[in-house]
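Nothing in this text is a laboratory measurement; each read-out follows from the coordinates by a stated rule. These figures come from a predicted structure and were not determined experimentally. Here the Cβ positions follow ideal geometry from the backbone for every residue, glycine too, while neighbour counts run over all protein chains shown.
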Amino acid sequence: MTSLEPIGVAGPRIDGVAKVTGEAKYAVDQSLSGMLFGRLLHSSRPHARIVRLDTSAAAAFPGVHAVITSADVGDHLYGRRIKDMPVLARDLVRYVGERIAAVAADSEEIARRAVDLIEVEYEDLPSVFSIDDALADSAPILHPDYGTYPGSHPLDAPSNCYFEHTINRGDIESAFAEADLVVENTFETARVHQAYLEPHASLVHLDRGRVHVWTNTKAPQAIRDVLAFTADISRDDIVLHRSTIGGDFGGKGTPLNLPICYFLARAAGQPVRMVADYIEEFGAGSPRHATLVHLKTGVMNDGTLVAHHVRFLVNSGAYAAYKPNGVIGGAPRAAGPYRVANSRIEARHVYTNTVPGGHMRSPGSPQAVFALESQLDEIARRLDIDPLRFRLHNLVEDGDDTAWGEQFEHVRLKETLESAAEAAGYDSPKAPFIGRGIAIGDHGAGGGIGNAEVVLHPGGSIVLGTAIFDQGTGTYTTLQQVVAGQFRVPTDRVSIEVWDTDGTDNDSGIGGSRGTRVNTTAAYEAAQDARRALIALVAERFDQPEDQIEFETDEVRIPGRDPIRWPDLLTEIEEPVTGRVHIEERSPARITGFVAQIAEVAAAPETGKVDVLRFTTAHDVGRVLNPVGHQGQINGGVVQGIGYSLMEELQVEDGRVTTLSFGDFKIPVATDLPPLQTVLVESEHGVGPYRIKGIGETPNTPVAAAIANAVCDAVGVRIFNLPITSEKVHHALHQREN
Amino acid sequence: MRITVNGTTHELDVPASRTLAELLRTDLDLTGTKESCAVGVCGACTVLVAGRIVASCITLAAQAADANIVTVEGLASEDRLHPLQQSFIDHGGFQCGICTPGQLVAAKALLDQNSTPTEDDIREWMSGNLCRCTGYYQIVESIAAAAAAAVLGD
C-alpha cells in the first residue's frame, strides 16, 4: 500500500516514465511544419573592427530564406541585468565566437554552407585576455560607453573594471601589524563549461501577432522580459511554452541565441529552430568564470585568525549580459564562515576579450572556497596545527558575525565537520603518498517569487499548477509530494500542470536552490488555500460552522451526519475547488546549509598523477523531502567538483577557446568516481513549512579545495591553480627538488 | 534503403550523407535518441545495430541498412517497462533525462552479454556514456539492481 505520508519518501519521479521511454520532449525535439534551421557566423577575431560584411552570396544561396546582421535586429542592447551585448555585432567584435550574422534555411546543411559564404573583413585591435592585462594602464577599454548601457552603474573613469565593491570591518592594517604570522597567496581558477548534454536550443514561431517560443530556459518569465526588451515588443505578445530541460547547472538561465532566433523568424516569415552545437557551446556559451583570488591572512601563534584581506577578481569576458545580476557573488565566501574581527573583502569584475561568463552552480563560490580553504591549510601547516583543529578553533558559532558582518542562525558547522572527520577516519594512519584534505562551505536556499495553484476536481484527482520549468533536479516530484501529503492521498492522485508564461505575471523560476524553498512553500500554501475553500464549500452546503468540519484523507466529517467523500461531493456539484497563491520570499535565508568534505587521494611522486581514493561529504540538512533526489544532488555535485578539481578547463589561446568538443573538454566518466560516503547531519531547523535547506550547491563548492589539500598532505606540494593536473603536480615536485 | 527499427521495417529514400541519428530523429520521428556532442564521444545517441552499441551520430544510416536497430523506444513491451527502465526510475538513475536513452540502450547491451556484471564491469562498460547530473552512482546502482532482479527471476 502506498504510504499517505509522501514527505521524506523516495517516491518515483513524476517524469520517470516519459524520460526512460524517450517520450519526453526537449527543445531540440520540437518542430513545426515549415520550420527553418538557423545557423550563426561567429567572429574569428578577439577584438576587431568589422570593416566589411557581405552577406549577398549567402542570401542568394538556394534554400536560404533570411540572412540577418546588426542592421536587422533593432537598436536595443541585450542582457539579463546589464544590457551591454549587441544581439549581433555592430561594426565591432570583442571576443572570438561573438555572433555576427545569422542564416535561416531549409536545412541545417544549407544554413551551414550559406554561413560559409558570408564575407567579413576585420581590422584587428589590441586585445586583453587576462585580468592583469585588462587592468593595465595601457589596456584598450572594451566598453568606452559603459555608462550609457541600461542596467549599468556609472564609472568614475573609463575602465575595464566595470564593477567594484568593498566590505571593510575592523582595523585590518593594525591587525596585520599585530599578527604573529601573515600569509599571502594568489589562487587561480580555470574557466569551465556547465557541460549539460543538451545544448541551448530555441524554436520561434510568429503567428497572428503572437511570438511562440520553445526554448530550454529555467527562468521563463525573465527570459520573456529580456526578449520583449530586446525586440521592442510587449511582453504580453510573447509566450514561452514548456520544454523538458536537459541539464542546466546554471547555464540555462541565459537564452543565448533566442533573440537571434526571434529576429530570424521575423525576417523569414516562417518558424525557425536554432540548436547550438558543442563547438558553439564551448567556444561561445556562458561558462563559469576564471578568477584570480589574492588572499592575505593574519593569524596568532595559537591559531586565532585576526585579519583577512580578500581581493576577488573575476574575468567577466567581453560582456556582462549573461549574468542575471550583471556580476557574480562569491567574494565573501573567500572569507568563509570563520570568526575574524578585521576584514576587507574586495570584488572586482573585469572585461576581457574572452567568451563572456555566466552562471554555474553556486556562481563564484567554488572559486572562492578553493582559494580560502587552500589558504587555511597553508596557514595551519606553517603554524604546525592540524588543519581540522585549526578550523574548529575559528569556525563561527551562533551569535558570531561572519567576516562580512552577517550572522547565521542555528549554526551546525562543528557537528558537520566533526562528523565528516569521523566518517572519513581522518586521524587513522596513512600509507606514504596518501593524503587527506578538508574543506568546508555553506549555501543558503535562495529566495524569489513563486506561484502555485491546486485544483481539486470532481472524482478526486488533484492538479498542481506551476510556472516553473524543472531543469532536471526533480522539483515537480517534490511539489507533487507536498500536495499529496497535504491531502493524504497517494502521490499518483496528484498531477502537475506546467503553465506557459501566460499562466502568471511574475515568477523567479529555478535557481540557487530556490525551487525547494520557494516552490514547496507555494505548493503548500496553495494546498492549504484549496483545503480552506473546500471546507467553506462544505460548511455552506450543510449549514455548519467551518470549525466543525474535519478531513481524513478523502472523507469529510460533519457533525451529526454520515461522513461524505469530497471527490463524490465535487462530482455531485460538478465543480472543482481551487486554491491559488503568489508568494514573494526574496530575503536570503539566515539558516544556511553547511558542508564539510574530506578527500583521500594518492599522488604518484614520479608522475604527479592524482587518484581520489575515497571522498566523504557531510551535510547539515533540514528535512529531506525526497531522499533519492537529495542524494542525486549530492552525488552529481561532488562528481562535478571532482571534474573541476582535476580535469575541466576551457583552454584559451590568444583569446580562442581550443577545447571545442567533449573529446577535448574532459568531464568525469563512470570509471573516474571514488567511493563516496555521505553523512547527513539532520536538524530541526530550516526554512519554509518543511524546514528545508538547499542541497544543489553545497556538494559542489569545497571539492577542489579538499582535493588540493589532500594532494599537499600526500606529497607536500601546493597547487595554487585549477585544475590540478598531473603536469602541475609533477612540475611542483620537480621544482621543490631543485 | 530498408531499415528495421524496433521490429518495424521501413523503406526510405535518404541522401547518402544522412546519419543514423538524423534518420531516426527526423525521418522516423523517433526523438528518444538524442544527439549531443555530435562527435561520438558522449553516448547520448547510443543505439543497438545488430546487437552492438553504436554512436548513431557518427554512423551513416546506410551502414545500418538491413540491420535490426534497437532504440530507447524499443525497450518497453506494450504494457510493461523494461526492467532497466523501471530500475532507473526506482534508483534515481536519471535527473534531466537527456543522456538516459543512451544509458539505457548501453546498459541493455551489457546485460545482454553479461547478465551478472560486477560493479567494475558496469562502470567500465558505461564509461562511454556521459552524464552530468547524477555523478553516475545511481546509474550504476540502477543497472546492478536490474541485473540482480533478473538473476533472481523477478
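What the table shows:
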| read-out | value |
| --- | --- |
| Proportion of all alpha-carbon pairs of segment B:83-151 beyond 18 Å (%) | 22 percent |
| Theoretical ellipticity at 222 nm over chain A - DSSP helices of four or more residues, -39500 (n - 2.57) apiece, nearest 500 | -8000 deg cm²/dmol |
| Model label zone, A:Arg339; criterion: amide N under 13 Å from point 7 Å along Cα-to-beta-carbon; scope segment A:391-416 | A:391-403, A:414 |
| Stokes-Einstein D for segment B:2-74, Kirkwood Rh over Cα pairs, 37 °C, 0.692 mPa s (µm²/s) | 279 µm²/s |
| Efficiency of FRET between A:Ile573 and A:Glu5 - r from beta-carbon atoms, R0 25 angstrom, step 0.05 | 0.25 |
| Shielding of A:627-638 by partner chains, average beta-carbon count, 10 Å | 5 |
| Under 17 Å between alpha carbons - lysine pairs in chain A that sit 8 or more apart or on different chains | 9 |
| Residue-span extension gain [A:Arg488 to A:Trp404] - 0.36 nm each, minus C-alpha spacing | 25.8 nm |
| Calculated over segment A:517-670: convex hull of Cα atoms, volume per residue (Å³) | 259 Å³ |
| Among beta bridges that DSSP assigns inside chain A, antiparallel share in %, nearest 5 | 75 percent |
| Label point 7 Å beyond Cα of B:Ile58 along Cβ direction - residues of segment B:1-29 with amide nitrogen under 19 Å | B:17-24 |
| Positive-pole candidate from A:Ser365, A:Ala335, A:Gly285, dipole of segment A:285-385, charges at beta carbon | A:Gly285 |
| Ranked list, fewest to most other Cβ atoms within 10 Å of each Cβ, for A:Phe187, A:Phe370 | A:Phe187, A:Phe370 |
| Ordering of A:37-46, A:133-142 by packing [mean C-beta count within 10 Å, highest first] | A:37-46, A:133-142 |
| Dimensions in Å of segment A:593-738 - Rg and Dmax from alpha carbons | 17.4, 60 |
| Evaluated at q = 0.09, 0.16 Å⁻¹: base-10 log I(q)/I(0), Debye formula over Cα of segment A:142-282 | -0.47, -0.98 |
| DSSP-loop GluC sites (Glu not before Pro) across segment A:591-691, with at most 13 other Cβ within 10 angstrom | A:Glu606, A:Glu684 |
| Ranked A:Lys666, A:Lys693, criterion: other C-beta atoms within 10 Å, fewest first | A:Lys666, A:Lys693 |
| Charge dipole (debye, nearest 20) of segment A:317-445; +1 at Cβ of Lys and Arg, -1 at Cβ of Asp and Glu | 560 debye |
| Where GluC sites (Glu not before Pro) fall in DSSP loop in segment B:1-85, at most 12 other Cβ within 10 Å | B:Glu78 |
| Shape category assigned to segment A:73-112 from the gyration tensor of Cα positions, a/c cut at 1.5 | prolate |
| Dipole magnitude (debye, nearest 20) for the protein assembly as shown, charges at Cβ of Lys, Arg, Asp, Glu | 820 debye |
| Kyte-Doolittle mean at least -0.5 and Cα axial length at least 24 Å: DSSP H helices in chain A | A:365-383, A:520-542, A:627-646 |
| Estimated distance in nm for a label pair at A:Glu550 and A:Glu737, the labels positioned 7 Å out from Cα along Cα-to-Cβ | 8.0 nm |
| Kirkwood Rh in Å, taken over chain B so that all alpha-carbon pairs contribute | 15.6 Å |
| Inter-probe distance in nm under a simple model that places probes 7 Å from Cα toward Cβ, at B:Ala16 and A:Ser174 | 8.4 nm |
| Global form of segment A:15-163, assessed from the alpha-carbon gyration tensor, a/c cut-off 1.5 | oblate |
| For chain A: Kirkwood Rh in Å [reciprocal of mean 1/r, alpha carbons] | 27.4 Å |
| Size of charge dipole - segment B:2-74 - debye, nearest 20, with Cβ of Lys, Arg +1 and Asp, Glu -1, no other charges | 240 debye |
| Candidates per chymotrypsin sites (Phe, Trp or Tyr not before Pro) in segment A:473-525, loop by DSSP, up to 16 other Cβ within 10 Å | none |
| Centroid-to-centroid separation of segment A:682-738 and segment A:544-617 [C-alpha atoms, Å] | 31 Å |
| Segment A:His165-A:His294, extension gain: residue separation times 0.36 nm, minus the distance between their alpha carbons | 44.9 nm |
| Proxy reagent accessibility, fewest Cβ within 10 Å first, across A:Ser683, A:Ser286, A:Ser495 | A:Ser495, A:Ser683, A:Ser286 |
| Per-residue mean of C-beta atoms belonging to partner chains within 10 Å, peptide A:104-113 | 1 |
| Distance between segment A:400-467 and segment B:90-138 - C-alpha centres, whole angstrom | 27 Å |
| 10 Å Cβ neighbours from other chains, averaged over peptide B:25-32 | 3 |
